[in-house]
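Here the structure comes first, spelled out in structure tokens, and everything after it is commentary.
We did not get these values from a lab; they are worked out from the coordinates using the rules stated. Note that the structure is predicted; figures quoted are calculated from it, not measured. With ideal geometry, Cβ positions are generated from the backbone for all residues, glycine too; neighbour counts draw on all protein chains shown.
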Amino acid sequence: MNEKHTILHIDDDPAILRLVAQRLGDEGYEVISCGDPDAIESVLHASNARVCLLDIAMPHADGLELLKEIKRYDGGVQVIMLTGLVSMNSVLDSLRNGAEALHFKPILDFEPLLEILADSFRKTERWRKTLEELRQRRAQTALA
């Protein structure tokens, strides 16, 4: 990775937050850990993170509802759902609501998650370039 990519990680389990922050930090990512799902919008805004790891099942929050909230706030944020709930419904509901991918916990092997993250950041970079090209084309049109 050439530059520091920021990931917002929302989970109610402090041990998972620490593990993921440590492991992804070792890979060069900047991880902002958030144990309070109610703070998600303010933390997302303050961090300007383009990729979010989000737990589905939390005692005081529904990850699928938070996914919808994130997508309403900024549809360009790539959300990767994390869950220990291995069910077809959790996979389908996540994808239907705009999740980039779903990864199962416990995270014993980080390689698949690292691949998902790399793909997510490539996708955000493609969108950034497209928006920049659009901005340049509009500027050129305005000058003509």
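Segment residue 85..residue 135, full-extension length gain: 13.8 nm, with 0.36 nm per residue of separation and the alpha-carbon distance subtracted.
Rounded to the nearest 20 debye, the dipole size of the range 61-129 about its Cα centre is 360 debye, using +1 on the Cβ of Lys and Arg and -1 on the Cβ of Asp and Glu.
Rounded to the nearest 20, the Cβ-based charge dipole of the range 6-143 about its Cα centre (Lys and Arg +1, Asp and Glu -1) stands at 840 debye.
Taking the DSSP beta bridges in the chain as the whole, what percent of them are antiparallel, to the nearest 5? Could the numbers behind the result be given before it?
Working: 2 of 20 bridges.
Among the beta bridges of the chain, antiparallel pairing accounts for roughly 10 percent.
Please compute the net charge surrounding residue 56, taking Lys and Arg as +1 and Asp and Glu as -1 over other residues with Cβ under 9 Å from its Cβ. Its environment carries a net charge of -3. Going by Cα centres, the range 87-144 and the range 29-70 are how many Å apart? The two parts, judged by their Cα centres, are 16 Å apart. Sequence-ordered 3J(HN,Hα) estimates for the range 138-144 from the Karplus curve with 6.51, -1.76 and 1.60 and θ = phi - 60° stand at 5, 5, 5, 5, 5, 6, 6 Hz, glycine and proline given as x. Amide hydrogen proximity for residue 51: with H placed 1.01 Å from N in the peptide plane, the residues at 5 or more positions away or on another chain lying under 5 Å are 8, 78.
Of the two radii for the chain, the radius of gyration is 1.02 times the Kirkwood radius, both from the alpha carbons; that is the Rg over Rh value.
The stretch between residue 125 and residue 74 holds 16.8 nm of extra length on full extension. This uses 0.36 nm per residue minus the Cα-Cα distance.
Toward the positive end of the charge dipole of the chain, with +1 on the Cβ of Lys and Arg and -1 on the Cβ of Asp and Glu, the farthest Cα among 6, 103, 58 is that of 6.
When the charge dipole of the chain is built from unit charges on Cβ atoms (+1 for Lys and Arg, -1 for Asp and Glu) and taken about the Cα centre, the candidate among 92, 124, 37 whose Cα reaches farthest toward its positive end is 124. In order along the range 79-87, phi translates into HN-Hα couplings of 10, 10, 7, 10, 7, x, 7, 8, 8 Hz, rounded to whole numbers, per the Karplus curve 6.51 cos²θ - 1.76 cosθ + 1.60 with θ = phi - 60° and x for Gly and Pro.
Simple spin-label estimate for residue 27 and residue 109 gives 1.4 nm between the two label positions (7 Å along the Cα-to-Cβ direction from each Cα).
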